[in-house]
Every structure is written in C-alpha cells, then in structure tokens.
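Notes for the one structure printed next.
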Amino acid sequence: MQTELSRASLAQLDANDPLIRFRERFQLPEGVIYLDGNSLGALPHGAAERAAQVVTQQWGHGLIRSWNDAGWFELPTRLGDKLAQLLGANPGETVVTDTTSLNLFKALASALRIQQVDGPDRRVLITERDNFPTDIYIAEGLADLLNSVGAETGVSYEVKLIDSETELLAALGDDTALVSLSHVNYRTGAMWDMAAITEAVHQAGGLAIWDLAHAAGAVPVALNAANADYAVGCTYKYLNGGPGSPAFIWVNARHHERFWQPLSGWWSHQAPFAMAESYTPANDVRRFMCGTQPVTSMAMIEVGLDISVEAEMDKVRANSLELTDLFIELVETRCAGYGLELITPRDHARRGSHVSFSHPNGYEIIAALISRGVIGDYREPAVLRFGVTPLYLSRTDIWDAVEILREVLHTGAWQREEFTVRNAVT
Ligand SMILES: *Cc1c(COP(=O)(O)O)cnc(C)c1O
C-alpha cells in the first residue's frame, strides 16, 4: 500500500467500502473533518425529530400518560438491552441511567459491599494513575466516605494507583478488593486485555470493574466472555447519544441478587409504585437506577444506538484499525520532522479507536487545526488527540486532515497569538 498511497487511491477504496453508507445517517457541518467523536459523537439524522416527538407529542399531548403509553418507564432497560448487543452482554444485564461518574460510584460501592461479605479484609481499590480523573476521584471519594464513617472501628480503605501492567499484577493480593480500569485509555488510546486482566484479578480474589467510555461503540467488547464483574460507560461518545446523554451500567448476572448500591432511590425499588415505607431492592439490574430519568435525552440515545447495532462492531473495528493505521502512517511520513511523537500503541490488540501524539505546542496546533475545520482535541499534558469514528469518517477525510496538519506545521500557522488563548473546554 505504501508506494501508491495517494488521495485518489484512498478515494477508490472508500468508494468500495460498505460502511461508507453510514456517513449519510449523520448530520455533519460542511467543511468540517470531525476527529472528536470520542469526546462528543456526531448528530445522527432522526435524533432531533425523536426529541421533538418526545416533547411535542408524548409530553405535550400524552402528559403523564406517556410514562405508560409511550414506554418512558421501560426506556432505561429497553435501551440497556439494545446496548448489550455491543458489549457482549445478555438482555437484563444493562441499564441506561445517570452519568458515568455516578455509575462508577454505585459499581465500586456495590463491589466493596460484596467483598465485605466474601473477603472482609480486602480494602484496597486499585486503579491506574493514568485513568480518567473522575475514575480516580470517585474511588478516592468513596474510600474517604467509608473511612470517615468507619473511623472508630479502624476500618481503612485505600486507593492504590498503578503505572503499568507489571505494577498491577504485582499489586494484586490478599488485600485487593477491586480493580477499576478503563478498557481504552482516554489519553493514549491504549487498550487493556480485558479477559486476561479480569482473570488475574479474580485469581487474587478481587472484582473487576471496567469503564467502557472510550470502548463502547468503538471496539468489540465481550463482557460475559471476559467474565467481568461490573462495567460502566458513556453514550455521548462513540455511541452518538447527544451532549450529556445518560450513561450505562452493566452487572454480571451472578451478582444480580446480592449486590447493594448506596443510591437506593425509589426507581431501584422492587415495586416503586407500591410506595412502601422501607426499601426492598429490585432483584435485577434495575437495582442500579436511582430516581426519575431524563426522558428526552435518553430517548435520543436510541437513534445512534440503532446505527451502531446495524453497522456491526466487527466491521466498525476493521475500518477503525485501517483508518488509525493510515492516520499514523500519514502523520509519520507527511509531517515528519515537526516533533510529533506517537503515544498510541501500534499493536492492534492494544489500540482503541483514537490516535494521540505528543508535542510541546499541542494546544496551539489543535487550535489552529480547529480554525481550519479539522476538529480534534487537546489533553494535558501536551497531547493532541484524534478520534477515528468509521461510521462517519473515510480514508480521504484522514488524508485531508493530515494535509491540513502538515500545512499548519509547515507554515508555523499555529504560532499566531489567537491560538494560545485557552478555552474552558479543550
Ligand atoms: C468521558 C469519560 C468519563 C465521563 O464521565 P461523566 O460522568 O460522563 O462526566 C468517565 N470515565 C472515562 C474513562 C471517560 O473517558
């Protein structure tokens, strides 16, 4: 492929690619190459209409009747079952609800509660130093809560941060309560071997919790095959659910009747409308809900979800690897000598669906790219991050984006004053 790599040869490949037709399912602005679908997915056609239907007909006309008549009450589990197809999960194991941060809190707390029964001396929560901040903060917050409540008993939970797989395996032991990892690292795009790590965690007597924020809809996930314990993730990234759309939580069926979660709101009750005076949890995954759900936002998720299910993850994955390979190759050849350093693994088995480079002027370069319609994003420290979403990106998009990057680097256009101004969201 190297020798005859050209825009024309890539356009030829695009023309014969069956996944290309999915691009028409999205509404993308003219003149934009969108390389940030790993942060906020694009708008699928039909999502605005779905929201309008919920607001105008179901709310406006149906009013309170819509909880029954329009299926609002079933939405979290119905969407969870649809999503399960992308996660290697069975129906009845997944629920769409709350945010990823909140779902992490519930998953970690319920795993600790299981350990309190099964292995009471297990008080260490292991996660990665390089994990997404909320994953670390929530673990710290939960440990702090438990320690402050249990202060008099001398109970002490601890969050241990590891820097590598070697350190992780060395840290596992009799005191391990749980290991919480992101399947795909938000910054580098590095991917853990979920099955192998889960097995090692189980052998040490721990429980394995996976954050699928950068994995769901991006790579094939096989939660049951990996024998994972819990998983959480976003729907607004690769699943194209819309800004701030509710997250999901999955629990292995073997834990369904024994886990407990601390946000025991009425929606997690066995019979919410019995209005019972005390709490009896639902004996299935609905136990992970809390209160009334954001119906409009949740309803929109289905539109993007249907597209991902129809496209099939194995095909999406094949294109994702081809496009990320192409992106790496083009940057390393056409933008050579400008100081960009690949921090994403080259090994397919270890790569998610985004590509990151480090560069001391990463922020300015990304800002200059965005001003030219190539939307990637910047992550501290000094990381340029490019999400590759095969549902709406082609090989020629990758070519064009790299040519614009080359121009920005070659002309030094990124050095303009305006590109140094930091926005609140980068
Ligand atoms: C994006 C992301 C989140 C976001 O959590 P919210 O509660 O939706 O803000 C959490 N974890 C990881 C790994 C992420 O990439």
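The values are calculated or read from the model by the stated rules, or taken from the named source; none is laboratory data. None of the values given here were measured: they were computed from a predicted structure. We place every Cβ from the backbone using ideal geometry, glycine too, and count neighbours over all the protein chains shown. Please note that ligands, DNA and RNA were not included when accessible areas were found on the heavy atoms of the full protein model with its side chains. Shrake-Rupley method; radii C 1.70, N 1.55, O 1.52, S 1.80 Å.
Listing for the model above:
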| quantity | calculated |
| --- | --- |
| Computed over the range 73-309, the ratio Rg/Rh where both radii use C-alpha atoms and Rh is Kirkwood | 0.95 |
| Backbone HN-Hα couplings from phi across the range 247-259 [Karplus 6.51/-1.76/1.60, Hz, Gly and Pro as x] | 8, 9, 9, 10, 10, 4, 4, 5, 9, 4, 9, 10, 7 |
| Placed amide H near A215: partners under 5 Å, 5+ positions off or other chain | V184 |
| Most mobile listed residue (H269, H410, H255) in the chain, GNM with C-alpha springs under 10 Å | H410 |
| Amide H within-cut-off set for L207, under 5 Å, with H built and near neighbours excluded | L178, V179 |
| Under 5 Å, built H, 5+ apart or other chain: amide partners of G233 | L212, F248 |
| Cross-link table K82/K315; K160/K237; K82/K160; K82/K237, entries beyond 26 Å C-alpha to C-alpha | K160/K237; K82/K160 |
| Rounded to 5, percent antiparallel among DSSP beta bridges of the range 73-309 | 35 |
| Kirkwood hydrodynamic radius (C-alpha pairs) into Stokes-Einstein, the range 111-199, 37 °C and 0.692 mPa s, D in µm²/s | 239 |
| Three principal axis lengths of the range 1-160 [C-alpha, angstrom, descending] | 69, 59, 30 |
| Where GluC sites (Glu not before Pro) fall in DSSP loop in the range 2-102, at most 11 other Cβ within 10 Å | E4, E30 |
| Among I366, G71, T411 - extreme Cα towards positive end, dipole of the chain, charges at beta-carbon | G71 |
| For the range 270-420, projected area of the alpha-carbon convex hull averaged over all directions, nm² | 13.5 |
| Rg(Cα) / (2.2 N^0.38 Å) computed for the range 215-338, rounded to two decimals | 1.43 |
| Integer Hz, Karplus 6.51/-1.76/1.60 couplings in order for the range 27-35, x for Gly and Pro | 9, 10, x, 4, x, 10, 10, 9, 10 |
| V155-V421 pseudo-label distance in nm [points 7 Å out on the Cα-to-Cβ vector] | 5.2 |
| DSSP bridge pairs, the chain: antiparallel proportion in percent, nearest 5 | 55 |
| Heavy-atom accessible area per residue - the chain, 1.4 Å, Å² | 43 |
| DSSP-loop trypsin sites (Lys or Arg not before Pro) across the range 338-394, with at most 15 other Cβ within 10 angstrom | R346 |
| Spatial extent of the chain: Rg and Dmax, with the Cα atoms as the point set, Å | 22.5, 73 |
